[in-house]
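Below you'll find the structure, written out as C-alpha cells, and then a few comments.
Nothing in this text is a laboratory measurement; each read-out follows from the coordinates by a stated rule. It should be emphasised that the depicted structure is a prediction, and the values quoted were computed from it without experimental measurement. Here the Cβ positions follow ideal geometry from the backbone for every residue, glycine too, while neighbour counts run over all protein chains shown.
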Amino acid sequence: MRKIWSLIAVAIALLSFTLARPALAADIALGAKVFSANCAACHMAGGNVVAANKNLKAETLKQFGMDSASAIINQVTNGKNAMPAFKGRLNDEQIEAVAAYVLDQSAKGWK
C-alpha cells in the first residue's frame, strides 16, 4: 500500500513539473521582451554599466545572494542603490518573467 502511494506521489510530481514547463518557457519569452525594453540599457549581455562588479553573471548573482527568483523579484520591484524600483512600471507577471529570464540567461552564460 505504501508503495502505491509513493508511486502516485511521484507520478503527480512528474506530471505537475511537466505541465509547468510550457508556462516557464512563456515566462522566459516575456522576460526577454521586458528585459530588452527595461533592463538592457544597463545590463546588456548580463553586464552592468553602472557597477561592473555587480553584473548578472551566475557567479556574481550567487556571490551577492541574488541567485534566486525571489531575490531578483525583490531587487527589480524595490530597486537598490543605483538601480531604480520598477514597482508601478512593471506588473507582477512582468517582474516574475524578467527574473526567470535573468536566471535562465545567467545559467547559459548570457549567450
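Only Cα pairs under 8 Å and 6+ residues apart enter the sum, and on that basis the relative contact order of the range 24-107 stands at 43 percent. Under 5 Å between amide hydrogens, built in the peptide plane, is the criterion, and for residue 110 it picks out nothing among residues at least 5 positions away or on other chains. Taking θ as phi - 60° and the Karplus parameters 6.51, -1.76 and 1.60, the scalar couplings of the range 45-50 work out to 6, x, x, 8, 6, 8 Hz in sequence order, x denoting glycine and proline.
From most to least packed by mean Cβ count within 10 Å, the peptides 52-64, 89-101 give 89-101, 52-64.
Across the range 68-77, computed HN-Hα scalar couplings (Karplus, 6.51 cos²θ - 1.76 cosθ + 1.60, θ = phi - 60°) run 9, 4, 5, 5, 5, 4, 4, 5, 5, 5 Hz from first to last residue, x flagging Gly and Pro.
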